[in-house]
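Notes for the one structure printed next.
The values are calculated or read from the model by the stated rules, or taken from the named source; none is laboratory data. All values reported here derive from a predicted model rather than from experimental measurement. Cβ placement follows ideal geometry from the backbone for every residue including glycine, while neighbour counts extend to all protein chains displayed. To get the accessible areas, we keep the full protein, side chains included, count just its heavy atoms, and leave off ligands, DNA and RNA. Shrake-Rupley method; radii C 1.70, N 1.55, O 1.52, S 1.80 Å.
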Amino acid sequence: MDFKHISVLLDETINSLDIKPDGIYIDGTAGGAGHSREIAKRLTTGRLIALDQDPDAVKVATERLSGYNATVIESNFADMKNAVASVGIETVDGILLDLGVSSYQLDNGQRGFSYKYDAPLDMRMSQSGTTAADLVNTLSVDELTKIFRDYGEEKFAYKIANLITKKRDISKIETTTQLADIIASCYPAAARRDGNPARKCFQALRIAVNDELGSLERVLDTAFEMLKTNGVLSIITFHSLEDRIVKQKFKEYCTGCTCPSDFPVCVCGKTPRGVLQFRKPITASEEELSINQRSRSAKLRAIKKL
């Protein structure tokens, strides 16, 4: 299996985790094991638990982490607590989440993530459950419009959703090319100069199929609670919606007293639970961008538990 993936913000991410040789770490999105292997290299008596919901990634990560003190588990990171409990772990020194889709998933045409290849309209990271074709062929105009608008920020969302429902009444939409052609036909010629018209809708469908934002929202409190004192949670986002969720949650962890300003003394008793590793998110350098254009939207945020 040719599982190619360039790990984004690799050095910056590893540095943010402040890895201890005897520490216990979780990589919740192992993928091609790029970040995982760099974590494992720095461990002596420590241990790495690498999770991924994609069976292909699990197979590759298992091979690439062979020889290290690492365990690979097939699991969605949203079920992180139960996954690591199965190997006797409750608290850890660091957790990494590298969100979004891997290069392997995009470049493997038969997985149906990309409009660049004619393939079954799939998009399932776990390779199980509801497919993108299922959503496209069953959801209402309003439901599809919401997905395209909210997850893809697609300005022609309603027009595209409406045409999809008309086309599927004639013939079921089963391939990436069929869907991409429908989307393109909804775009005026001038708007097509800003990149492939299908990009935003394909991203939106992928997020919906894999419940990416829901999984992120479910895991954040769990992951933070699993950290030991001075443990670090590092998250790489690729989408403004993901980054907003992470930013707001980290702000909540760093907030202390919430009493009104005119109270003479604090009565709420709240104190900050975490401190940011850096004030602003880290983004890719010009050097990294020249090597990997897919890193252009990546943002790294990290928080240390107090």
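List of remarks:
- Taking a Cβ cut-off of under 13 Å around Leu96, the surrounding Lys, Arg, Asp and Glu residues balance to a net charge of -4, with basic ones at +1 and acidic ones at -1.
- Helix-only mean residue ellipticity at 222 nm for the chain, each DSSP H run of n ≥ 4 adding -39500 (n - 2.57), per residue, nearest 500: -12000 deg cm²/dmol
- Reciprocal mean inverse distance between Cα atoms of the range 1-50 - Kirkwood radius, Å: 11.2
- Length gained on full extension, Cys257 to Asn15: 84.1 nm, using 0.36 nm per residue less the C-alpha separation.
- Separation of alpha-carbon centers, the range 64-133 and the range 30-55, rounded to whole Å: 13
- Heavy-atom accessible area with a 1.4 Å probe sorts Lys159, Lys228, Lys116, Lys305, largest first, into Lys116, Lys159, Lys228, Lys305.
- Fraction of accessible area attributable to carbon and sulfur, the chain (%, probe 1.4 Å): 47
- Helix axis angle, 212-226 relative to the chain longest principal axis, alpha carbon, degrees: 10
- Added length on full extension, which subtracts the Cα-Cα distance from 0.36 nm per residue, Phe278 to Lys116: 54.6 nm
- Positive contributions from Lys and Arg (+1) and negative ones from Asp and Glu (-1), summed over other residues with Cβ under 11 Å from the Cβ of Ala40, come out at +3.
- Fraction of beta bridges assigned by DSSP in the chain that are antiparallel (%, nearest 5): 40
- When the range 180-306 is reduced to its Cα atoms, the Kirkwood hydrodynamic radius in Å: 17.7
- Remark on the range 244-306: Rg and Dmax equal 17.0, 56 Å (Cα only).
- Taking 0.36 nm per residue of separation and subtracting the current Cα-Cα distance, fully stretching the chain between Ser86 and Thr271 would add 63.3 nm.
- Percent of Cα pairs exceeding the 15 Å cut-off, where the set is the range 107-153: 52
- Neighbours of Lys249 by Cβ distance under 10 Å: Lys/Arg scored +1, Asp/Glu scored -1, total +1.
- Pairs of Lys residues in the range 119-252 are counted when their Cα atoms are under 30 angstrom apart and they lie 8 or more places apart or on different chains; the count is 27.
- Ranking Leu17, Tyr187, Ile164 by Cα position along the charge dipole of the chain, where only Lys, Arg, Asp and Glu carry charges on their C-beta atoms, puts Tyr187 farthest toward the positive end.
- Between helix 199-209 and the chain: long-axis angle, C-alpha atoms, 0 to 90°, nearest 10: 60
- Longest to shortest principal axis, alpha-carbon extents of the range 98-207, angstrom: 32, 30, 24
- Where GluC sites (Glu not before Pro) fall in DSSP loop in the range 26-100, at most 12 other Cβ within 10 Å: Glu90
- Probe 1.4 Å - accessible area at Cys266, Å² to nearest ten: 70
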